[in-house]
1. For region 52-67, give me each residue that is open to solvent by 40 Å² or more (accessible area, probe 1.4 Å) and in contact (Cβ under 8 Å) with a residue 40 or more places away in the chain.
2. Please specify each residue of region 72-103 satisfying the condition of being assigned to a loop (DSSP other than H, G, I, E, B), open to solvent by less than 70 Å² (accessible area, probe 1.4 Å) and within 18 Å of residue 14 (Cα to Cα).
3. List the residue pairs whose Cβ atoms are under 6 Å apart, where the first residue sits in region 170-189 and is more than 13 Å from residue 142 (Cα to Cα), the second is assigned to a helix (DSSP H, G or I) and acidic (Asp, Glu), and the two are 6 or more positions apart or on different chains.
4. Could you look through region 144-189, keep only residues that are over 25 Å from residue 127 (Cβ atoms) and of a type in the set (Val, Ile, Thr), and pick out the one that is most open to solvent (accessible area, probe 1.4 Å)?
5. With the condition kept exactly as written, say whether any residue in region 111-120 is closer than 18 Å to residue 18 by Cβ, at pLDDT 90 or above and touching a strand residue (DSSP E or B) at 6+ places or on another chain (Cβ under 9 Å).
6. Do you know which residues across region 19-37 are under 25 Å from residue 59 (Cα atoms) and not in a loop (DSSP other than H, G, I, E, B)?
7. Taking the condition touching a His at 6+ places or on another chain (Cβ under 9 Å) and surrounded by 13 or more Cβ atoms within 10 Å (Cβ to Cβ), does residue 28 pass?
8. Looking only at region 36-51, how many residues end up being among the aliphatic types (A, V, I, L, M) and surrounded by 11 or more Cβ atoms within 10 Å (Cβ to Cβ)?
Amino acid sequence: VYVIDDDTSMRAALEDLLASVGLAVHTFASVREFLEHERADAPGCLLLDVRMPEQSGMDFHQRMAQLGLRLPVVFITGHGDIAMGVKAIKRGAIEFLTKPFRDQELLDAIQQGIEQDRQRRSQEAAAAALQSRWQSLSEGERDVARLVVQGLLNKQVAAQLDLSEVTVKVRRGNVMRKMQAQSLADLVRLCEKLGV
């Protein structure tokens, strides 16, 4: 869990609370300090104060996508209003908590953020693995795969690609094995995910 809050006592209190439930915590007094710090390659969540001297939490939250930061955000503030909270949630924040907040409310929001990040990472890893399997196919195997998922029979694929039917069968078998597809329907689903 990353905490960005310019209030030293609040950072210390949050660090104690989060450490007491076994969460690894890194605290920062400013957005700049956070950006200069190397982040772990693990599911996480960002606790972000709304009002800070250099850059507000709201402005930073809006910039995060441009910076390639996709950590789920929980806002904490002593100066929030309903409009600000609605704006933060519409922009994708998990929660908008006004100080003083209940510890359990904060912990629940953080757990939700970490789980959301875990799922995103898992989906990205699966998509990368699928892309890697597609890249492992030869150009000829990709050509066969594209036509097979359109519902063409081996002899139709052979005619379109000017190949023998045996060559198409071999390439089709390679496609199924390399793509780890159990059936034609499975291959179609995988190719749809790839946008093929």
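The values are calculated or read from the model by the stated rules, or taken from the named source; none is laboratory data. Everything quoted here is computed from the prediction, not taken from an experiment. Don't worry about glycine lacking a Cβ; one is built from the backbone with ideal geometry, like all the others, and counts go over all protein chains shown. With ligands, DNA and RNA removed, areas are computed over all heavy atoms of the protein, side chains included. Shrake-Rupley method; radii C 1.70, N 1.55, O 1.52, S 1.80 Å.
1. Residue satisfying the conditions is 53 alone.
2. Just the residues of region 72-103 that are assigned to a loop (DSSP other than H, G, I, E, B), to begin with: 72, 78-81, 91-94, 99-102.
Applying the additional criterion that residues be open to solvent by less than 70 Å² (accessible area, probe 1.4 Å) yields 72, 78, 80, 92-94, 99, 101.
Selection gives 72, 78, 94, 99, 101.
3. none
4. For region 144-189, the residue satisfying everything is 166.
5. Yes, there is a match, as at least one residue in region 111-120 is closer than 18 Å to residue 18 by Cβ, at pLDDT 90 or above and touching a strand residue (DSSP E or B) at 6+ places or on another chain (Cβ under 9 Å).
6. 26, 27, 28, 31, 32, 33, 34, 35, 36
7. Numbers: touching a His at 6+ places or on another chain (Cβ under 9 Å): yes; surrounded by 13 or more Cβ atoms within 10 Å (Cβ to Cβ): yes.
Considered against the rule, which asks whether it is touching a His at 6+ places or on another chain (Cβ under 9 Å) and surrounded by 13 or more Cβ atoms within 10 Å (Cβ to Cβ), residue 28 comes out as yes.
8. 4
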